[in-house]
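A short write-up of the structure that comes next.
The values are calculated or read from the model by the stated rules, or taken from the named source; none is laboratory data. Given the structure is predicted, the values throughout are model-derived calculations rather than measurements. Quick reminder, even Gly has a Cβ in these numbers, built from the backbone with ideal geometry, and neighbours come from all protein chains shown.
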Amino acid sequence: MNPAGSPKAQAASVFFAGLLPVIAFTLIEEYYGTMAGLIAGMVFGVGEISYELYKYKKVSKITWFGNGMLFVLGGISLISSEGLWFKLQPALMEGIFALALWGSILMGKPLLVYLAEQQGHQFPDFVKSKMKGITFRSGLFFAIHTGLAVWAALAWSTSAWALLKGLGVTISFVLYLVMEGVLLRRAVLKQR
């Protein structure tokens with residue numbers, strides 16, 4: 001089995017996608033300015049892709065997508081001499097993910113159900129209907145976080161923005177998932 005395709009590797013990829021470039025950008029920008037920070041962030045993006053390619057012999061789609069956006073927006077930031085475009089990358093990724101979650105519901109195949117089935121899990125219809133609600137609320141979570149990320153990119157300091165990108169979204173999403181897990185477990189136990 002290819003480690004890049006394992007659930008653990010995919011979860012790590014989602015968690016770390018774009019995190020190293022953000023840390024590099026933040027630290028270098030603080031001491032050497034926006035242009036140096038942008039270049040450092042983009043170099044670390046290349047490093048992230050190279051590491052994944054070396055370690056797993058394959059680069060995950062989320063890493064390609066996240067770093068591709070980082071390179072495009074970083075390039076725009078370099079041309080315009082403005083770090084804002086680089087900072088908008090997390091907001092765009094979260095917004096696209098929110099739309100993908102909601103779009104999957106409209107298409108009749110909630111993304112969370114689809115992903116679970118791809119991993120070989122089969123659920124009764126009752127649980128699938130609950131997961132449809134979780135998919136919708138997860139989209140809402142990411143839509144709200146998109147608004148927060150745009151606000152952070154426009155008005156917050158680079159350090160505060162990086163804290164939101166690195167820890168804020170991760171901690172808040174883990175807490176959200178724990179809450180959803182408790183509610184789903186409670187509903188399943190009532191059904192028995």
Conditions first: (1) part of a helix (DSSP H, G or I); (2) farther than 21 Å from LEU189 by Cα. PHE126 passes all but one, so which condition is the exception?
(2)
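Give the residue that is surrounded by the fewest Cβ atoms within 10 Å (Cβ to Cβ), with candidates limited to residues of region 52-64 that are touching a residue at least 40 places away in the same chain (Cβ under 8 Å) and under 18 Å from MET93 (Cα atoms).
This residue is ILE62.
Here is a yes/no grid of residues against (1) over 30 Å from PHE25 (Cβ atoms); (2) surrounded by fewer than 15 Cβ atoms within 10 Å (Cβ to Cβ); (3) of a type in the set (Asp, Glu):
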| position | (1), (2), (3) |
| --- | --- |
| MET93 | no, no, no |
| ASP125 | yes, yes, yes |
| TRP151 | no, yes, no |
| TRP156 | no, no, no |
| ARG185 | yes, yes, no |
Taking into account only those residues within region 169-192 that are modelled with pLDDT of 90 or more and under 25 Å from LEU20 (Cα atoms), which is nearest to the chain's Cα centre (by Cα)?
PHE173
Can you tell me which residue within region 73-121, out of those that are among the acidic types (Asp, Glu) and not in a loop (DSSP other than H, G, I, E, B), is modelled with the lowest pLDDT?
GLU117
Checking SER81 against (1) within 14 Å of PRO21 (Cα to Cα); (2) surrounded by fewer than 13 Cβ atoms within 10 Å (Cβ to Cβ), only one condition comes out false. Which one?
(1)
How do the pairs read when you match residues in region 170-184 that are closer than 12 Å to SER138 by Cα with residues anywhere that are β-branched (Val, Ile, Thr) and modelled with pLDDT of 90 or more, using Cβ under 8 Å and keeping only pairs 6 or more apart or on different chains?
GLU180/ILE134
Any hit, region 33-51, residues being over 30 Å from GLY120 (Cα atoms), surrounded by 15 or more Cβ atoms within 10 Å (Cβ to Cβ), at pLDDT below 85 and out of contact with any strand residue (DSSP E or B) (no Cβ under 6 Å at 6 or more places or on another chain)
no
